[in-house]
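One structure is given here, and the rest of the page talks about it.
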Amino acid sequence: MLKEIRPAIVILVLLTLITGLAYPFAMTGIAEVIFPRQAQGSLVEKDGKVVGSVLIGQVFTGDKYFHGRPSATNAPDPKDATKTVDAPYNAINSMGSNLGPTSKALADRLKGDMDTLKKENPSVAVPVDLVTTSGSGLDPEISPEAARFQVPRIAKARGLSVERVSALVDAQIEGRTLGLLGEPRVNVLKLNLALDALKA
């Protein structure tokens, strides 16, 4: 019997070493050499301190900053492990909302967000990405239209001209990858850092 089991055990151990250790270490090493910044998480520093990653969204509040897409991620409630609480952009729990088009909770949230945004800029249609979550719940980018929608609020809060903030948005727009993939977009963290660098 050992004669029949021995080859299976040897193959299991060998494949575990190859696919579980050797391959991941080799890919990590190659990534560190070819794409060192990306392999380290595409971290963004300000004054020598890490302030975030261009790959994961962050919560920006207040009128002086551009806001990203809503995030549907959550975390265990520290007071009751059987429940969850909202934890926007929680990378450990990457997911979208499981609420469907007939969900009252989703409809109420969308209506509330739309009403708030319409008060902010009543003359412009609200871009869909300012009220809907992404599939991962971690999206760090918004559409150029969503960034432009927020310009009047930010210009007023910072005492800047609308034209100056609009020019900043235009300068931060990233085109399609390789000219083909995806849509034009604006990274919210980079945009807010550029905004902080502007002098009133």
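The values are calculated or read from the model by the stated rules, or taken from the named source; none is laboratory data. Just so it is clear, the structure is predicted and the values come from calculations on it, not from any experiment. Positions of Cβ are generated from backbone atoms using ideal geometry, with glycine treated the same way; all protein chains shown enter the neighbour counts. Surface accessibility is based on the protein's heavy atoms, side chains included, excluding ligands, DNA and RNA. Shrake-Rupley method; radii C 1.70, N 1.55, O 1.52, S 1.80 Å.
Could you run through region 131-161 and say how many residues are among the β-branched types (V, I, T) and either more than 14 Å from K64 (Cα to Cα) or loosely packed, with under 13 Cβ neighbours inside 10 Å (or both)?
Number satisfying all stated conditions: 4.
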Selection status of P76, open to solvent by 90 Å² or more (accessible area, probe 1.4 Å) and over 30 Å from G41 (Cβ atoms): no
Tally, over region 84-130, of residues that are open to solvent by less than 60 Å² (accessible area, probe 1.4 Å) and more than 15 Å from the chain's Cα centre (by Cα): 14
Filtering region 110-164 for residues that are out of contact with any helix residue (DSSP H, G or I) (no Cβ under 9 Å at 6 or more places or on another chain), in a helix (DSSP H, G or I) and touching a residue at least 24 places away in the same chain (Cβ under 8 Å) leaves a count of 1
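Here's the yes/no breakdown for (1) charged (D, E, K, R); (2) in contact with a Pro (Cβ under 8 Å, 6 or more places away or on another chain):
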site: D108; (1), (2): yes, no
site: G112; (1), (2): no, no
site: L117; (1), (2): no, no
site: P122; (1), (2): no, no
site: A125; (1), (2): no, no
site: T132; (1), (2): no, yes
site: L138; (1), (2): no, no
site: A147; (1), (2): no, no
Residue list for region 185-200, restricted to those being under 15 Å from the mean Cα position of the chain (by Cα) and open to solvent by 40 Å² or more (accessible area, probe 1.4 Å): R185, K190
Those residues that are acidic (D, E) and loosely packed, with under 11 Cβ neighbours inside 10 Å, I need them from region 162-184; list them, please. E163
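Anything in region 29-49 that is part of a helix (DSSP H, G or I) and either surrounded by 11 or more Cβ atoms within 10 Å (Cβ to Cβ) or small (G, A, S) (or both)? List them, or say none.
Answer for region 29-49, where residues must be part of a helix (DSSP H, G or I) and either surrounded by 11 or more Cβ atoms within 10 Å (Cβ to Cβ) or small (G, A, S) (or both): G29, I30, A31, E32, Q38, A39.
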